[in-house]
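Notes to accompany the following structure.
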Amino acid sequence: MPRRTTAAAAAGLLALTLSACTKSVGDGPADTGASAQQQVEATSGDASLCTPERYNGGVPQLDLKNVTVGFAQSEKEANPFRITETQSIKDEAARRGIKLITTNAQSDLNKEIADIQGMIAQGAKVLIISPLNSEGLDPALKAAQNAKVPIMTIDRLLTTKKACVDYVGWIGSDFVKQGARAADAMITATGDKGEVAILLGASGVNVTVDRTKGFKDQLAAKGSALKVVAEQTGDFTREKGRAVTEQLISANPGITAIYAENDEMALGAVAALKAAGKKPGDVKIVTIDGTRGAVQGIVDGWIAAVIESNPRFGPLAFQALEDFYAGKGVPAKTIISDKEYTPENAKAELPNAY
C-alpha cells in the first residue's frame, strides 16, 4: 500500500484527537478521551487532494451546518466496534452542530444500497458510509453521483473504485500491518512453536484479505516455525467464532494457538475452549479490534494479545468533509495508527478499550 505523510494534513487531523470528552468505563463504549481517539499515521494520494471542483466533475460548495449529512452503517450494532463507530459519528455531528440522519444495513448489502438511496431521497447532501463489502455498492454510488452527493468512506475500502470519482476519500487502518503485528504477537506468545488455526473474517471485504495476508506473510518473513493447520470463516461474529472453534479443535486436537481476525470471533473461541475444558493459556489467542471484552480476556489470561483497530471515526471523518468544502482537499487514503494491548498493559489500558 503506497503511503506518504503530509505534515500539514496530518497536523490538522491530529488536532482533533485533543477534543474528545472523557467517560468512565461504566459509561459504555463511547469515547474515553484523547488517548482513545484516532490519530493519523500517514496519508497517500496527497498530490491530487480531492476538492469540490475535482470531485466527480464538480459538486456544489456547501456549509455542513446548513445541510443534512447521512451516515450509512453496514452491520448490526451488536458488535462493540459498530456501536462505537456509530456513536462516534453521532457525537461529532452533535458537537459540530450538524444535522445527521443514520441508517443500519443489518449486514445486508441490498439494504445498505437502499439505505444510501433513501437518504439521498430524504435530502442528504453529503454521506459518510461504512461499506459492508469492498464491492457491490455500485447502484448506491451511481445514485450519489447523479445527485451530486459526495461520499466519504470509512473502515472498509471500496477496492475497485476511485477516490475523488466514486468517493471523496477513505479513512481506516492498515489491515495488512495489523495482521503482521498479530503474527509478531503470536510468535512471542507461543515461543514460535505449535499449530495455529485462523478464524477468518467475512468474505468479500478487504479487511479479511489484508489481515490474512499480513499474518501469513509476516510468519514467512520471520522464518517462523509456527504451522497454520486450519482456517475457516467466522464472519466476524461471536456465535460463528464459537461454532467454528468447536469444529476446528475437534478436527485438529493439536491446535495450540488461534489467530482471530476480530475480537468477537476471539471471544467465541474463548467460550468454545472453556466448554472443551481448556484452561486459560492452554491455547494462545491473538486477535484484532480492542474491545473491552477482549482486553479483559488478556487480564483473565484467555487472550495473549489484542491489536487495536480504532472505530472512533467521527472527528476525522467530519474534519475531512470540512477540509473538502474549505478547498484544503482530502487525500485518497488516511491511515490511522493503532496500538496494542498486552499482558503488561491490559489492566491499565482497559478504560481506553471500547
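The values are calculated or read from the model by the stated rules, or taken from the named source; none is laboratory data. Everything quoted here is computed from the prediction, not taken from an experiment. Because the Cβ atoms are built from the backbone with ideal geometry, glycine has one as well, and the counts that use them run over all protein chains shown. Note: accessible area is taken over every heavy atom of the protein model, side chains too, but ligands, DNA and RNA are not part of it. Shrake-Rupley method; radii C 1.70, N 1.55, O 1.52, S 1.80 Å.
Restricting the search to region 186-198, which residues are small (Gly, Ala, Ser) and buried (at least 23 other Cβ atoms within 10 Å of the Cβ)?
Ala197
Scan region 282-297 residue by residue and report those that are in contact with a strand residue (DSSP E or B) (Cβ under 7 Å, 6 or more places away or on another chain) and more than 19 Å from Thr237 (Cα to Cα).
Listed by number, the residues that qualify are Val283, Lys284.
Tell me, which helices (runs of 4 or more DSSP H) wholly within region 74-156 include 2 or more residues that are among the β-branched types (Val, Ile, Thr)?
80-96, 109-121
Of everything in region 199-224 that's basic (Lys, Arg) and under 25 Å from Thr153 (Cα atoms), which residue is most open to solvent (accessible area, probe 1.4 Å)?
Filtering first and then ranking leaves Lys213.
Going through region 315-333 one residue at a time, which ones are open to solvent by 40 Å² or more (accessible area, probe 1.4 Å), touching a residue at least 40 places away in the same chain (Cβ under 8 Å) and part of a helix (DSSP H, G or I)?
Glu322
Which number in (1) surrounded by fewer than 23 Cβ atoms within 10 Å (Cβ to Cβ); (2) farther than 18 Å from Asn206 by Cβ marks the one condition that Asp138 misses?
For Asp138, the exception is condition (2).
Output the number of the condition that Thr233 fails; it satisfies all remaining conditions of (1) crowded, with 19+ Cβ neighbours inside 10 Å; (2) β-branched (Val, Ile, Thr); (3) in contact with a Ser or Thr (Cβ under 8 Å, 6 or more places away or on another chain).
(1) is the only condition that Thr233 fails.
Output yes when any residue across region 303-314 is closer than 20 Å to Thr68 by Cβ and either aliphatic (A, V, I, L, M) or not in a helix (DSSP H, G or I) (or both), and no when none is.
Yes, that holds for at least one residue.
Tell me, which residue of region 141-158 that is open to solvent by less than 40 Å² (accessible area, probe 1.4 Å) and of a type in the set (D, E, K, R) is nearest to Ser173 (Cα to Cα)?
Checking each candidate, the answer is Asp155.
Mind listing just one residue for me: the one in region 91-118 that is closer than 14 Å to Phe313 by Cα and in contact with a Phe, Trp or Tyr (Cβ under 8 Å, 6 or more places away or on another chain) and, of those, surrounded by the most Cβ atoms within 10 Å (Cβ to Cβ)?
Applying the filter and picking the extreme gives Glu92.
Counting just the residues of region 236-284 that are within 15 Å of Trp302 (Cβ to Cβ) and among the hydroxyl-bearing types (Ser, Thr, Tyr), which one comes out most open to solvent (accessible area, probe 1.4 Å)?
Filtering region 236-284 for residues that are within 15 Å of Trp302 (Cβ to Cβ) and among the hydroxyl-bearing types (Ser, Thr, Tyr), the one most open to solvent (accessible area, probe 1.4 Å) comes out as Thr256.
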